[in-house]
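This is the structure I have questions about; it appears just below.
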Amino acid sequence: MLDIYQRLGIVPDLNCDDVIVLTQEQRDKGRLKTVSEAGAEVRVFLERGKPLLVGEVLKTECGKYLQVQGAVEQVTRAECEDWHTFSRACYHLGNRHVKLQVGDRWLHMTPDHVLEDMLKMLGLTVTHEDAVFVPESGAYSHGHHHH
């Protein structure tokens, strides 16, 4: 069993001992139990509210290094040709606090038929695909605190 209490961030030149592949939902948790690619049981005990990053390195209590990789999962892809329509779609989804991965007039989100119908009504093309889902972390995720 590998216990993890320490995150090192993205460390490009470090050779890791193993890999854990996590969905977006798993990367959002501060506490989780999983199995590494090499078959080791892994328990993660980290601060809550700070999602793990794809590519981030974690250090186990016994000194091993594990890299976080994103799992391929089903996502909804919505896209359109014009920025105005795309902006309106992002506004409406953001108003509902939907986690989004945003690209150049395309977005990924967790599949939801009600939201997909709304996007179609706004004029976006909606499809499903398998991809690593890496949503925006949010405006207040980098240490902003209210006093």
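The values are calculated or read from the model by the stated rules, or taken from the named source; none is laboratory data. What you see is a predicted model; the values in this text were computed from it and never measured. Please note: Cβ atoms are built from the backbone with ideal geometry, for glycine as well, and neighbour counts cover all protein chains shown.
Consider only pairs whose beta carbons are under 8 Å apart and that are at least six residues apart or on different chains; among these, list those whose first residue lies in region 99-110 and is assigned by TED's automatic domain parsing to the domain that holds Gln24 and whose second residue is outside any loop (DSSP other than H, G, I, E, B) and at pLDDT 95 or above.
Cβ pairs passing all conditions: none.
Can you pull out the strands (runs of 3 or more DSSP E) entirely within region 28-90 that have at least 1 residues that are in contact with a helix residue (DSSP H, G or I) (Cβ under 8 Å, 6 or more places away or on another chain)?
In region 28-90, the matching strands (runs of 3 or more DSSP E) lie at 31-35, 65-70, 72-79.
A further question follows. Under 8 Å between Cβ atoms, which residue pairs at least 6 apart in sequence (or on different chains) link something in region 45-67 that is in the same structural domain as Ile20 (by TED's automatic domain parsing) and among the charged types (D, E, K, R) with a partner that is surrounded by fewer than 15 Cβ atoms within 10 Å (Cβ to Cβ) and assigned to a strand (DSSP E or B)?
Close Cβ pairs satisfying both conditions: Arg48/Arg31; Glu56/Leu8; Glu56/Gly9; Glu56/Ile10; Lys59/Gln6; Lys59/Leu8; Glu61/Asp3; Glu61/Tyr5.
In addition: Counting only residues that are free of Cβ contacts under 8 Å to residues at least 40 places away in the same chain and either assigned to a strand (DSSP E or B) or surrounded by 12 or more Cβ atoms within 10 Å (Cβ to Cβ) (or both), how many does region 3-27 have?
1
So, one more: Pull up region 91-121, narrow it to residues that are among the hydrophobic types (A, V, I, L, M, F, W, C), in contact with a strand residue (DSSP E or B) (Cβ under 9 Å, 6 or more places away or on another chain) and not in a loop (DSSP other than H, G, I, E, B), then point me to the one that is farthest from Gly70 (Cα to Cα).
Leu119
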